[in-house]
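Read through the structure below, which is laid out as structure tokens, and then see the notes.
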């Protein structure tokens, strides 16, 4: 994920536990706040240098303006470094094994641009590894100014740019993305178990249940998206059962007729 510059208005107050989508400890909250606070300090220094550089340029002191501008760029680079560290830290905390399913990504605590970069990388990775869908935890905006969701609109924008369909889940802080380009139809809620394909077999979520895939490939033995091939088709099994029933019903009559024919001959 490439570093980005964040306007000071994005570097808001300390977030602490509000950035974590789980029960966090004080040390984790303190580390996250420390990194974001260092980024805010560098942002303030950057702004001050650029203001002074502008003033120096206005009074005709080009050398001072250039020096202050370069100093401001250095503070901007440090700001990006601290924000990158904070973004990586909160992502590891919220997406640690056991905290989210394999088909889920949690973007709590990310700035909007950070969330976009992470999401684009995750979608690319998921598609390359045959995953059919992705659940994205975007938050409900409870801790944002005026309780407005900031990350969700950007997730929607990314999906639109990539030609992927999406929908808001029953939990308004979660989104469901179909990674195959089809309609974003949620599988039954009690099937949320895992994600993607492993060893050529899809796990339960968005996948295989009782030999019939609920979303993204197999339905009634008919292939929908060219996603899963191989194994036995459910419809073929049903046909075999029907043939067996017919055989049991009519075979005795056929045998009796054949026996009669043999006697005549």
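The values are calculated or read from the model by the stated rules, or taken from the named source; none is laboratory data. From a predicted model like this one, the values you see are computed outputs, not experimental measurements. A quick note on method: Cβ atoms are made from the backbone with ideal geometry, for glycine too, and the neighbour counts reach across all protein chains shown.
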Practice prompt. Can you tell me which residue among 77, 86 is assigned to a helix (DSSP H, G or I), surrounded by 19 or more Cβ atoms within 10 Å (Cβ to Cβ), over 16 Å from the mean Cα position of the chain (by Cα) and not assigned by TED's automatic domain parsing to the domain that holds residue 178?
Written response: 86
Worksheet item: Consider residue 99 against the criteria (1) modelled with pLDDT of 95 or more; (2) not assigned by TED's automatic domain parsing to the domain that holds residue 133: it satisfies all of them except one. Which criterion is unmet?
Response: (1)
Worksheet item: Restricting attention to the range 184-214, and to residues there that are in contact with a strand residue (DSSP E or B) (Cβ under 9 Å, 6 or more places away or on another chain) and more than 25 Å from residue 97 (Cα to Cα), which single residue is modelled with the highest pLDDT?
Response: 185
Discussion item. Among the residues in the range 96-104, are any over 14 Å from the mean Cα position of the chain (by Cα), surrounded by fewer than 19 Cβ atoms within 10 Å (Cβ to Cβ) and not in a loop (DSSP other than H, G, I, E, B)?
Written reply: yes
Item to complete: May I ask you to verify whether residue 123 is surrounded by 16 or more Cβ atoms within 10 Å (Cβ to Cβ), closer than 21 Å to residue 186 by Cβ and either touching a strand residue (DSSP E or B) at 6+ places or on another chain (Cβ under 9 Å) or in the same structural domain as residue 162 (by TED's automatic domain parsing) (or both)?
Response: yes
Response to the item:
Conditions (1) part of a helix (DSSP H, G or I); (2) out of contact with any strand residue (DSSP E or B) (no Cβ under 9 Å at 6 or more places or on another chain); (3) not assigned by TED's automatic domain parsing to the domain that holds residue 30 -> residue 152 fails only (2)
Item to complete: Kindly list the number of the only condition in (1) under 38 Å from the mean Cα position of the chain (by Cα); (2) under 30 Å from residue 30 (Cβ atoms) that fails for residue 49.
Response: (1)
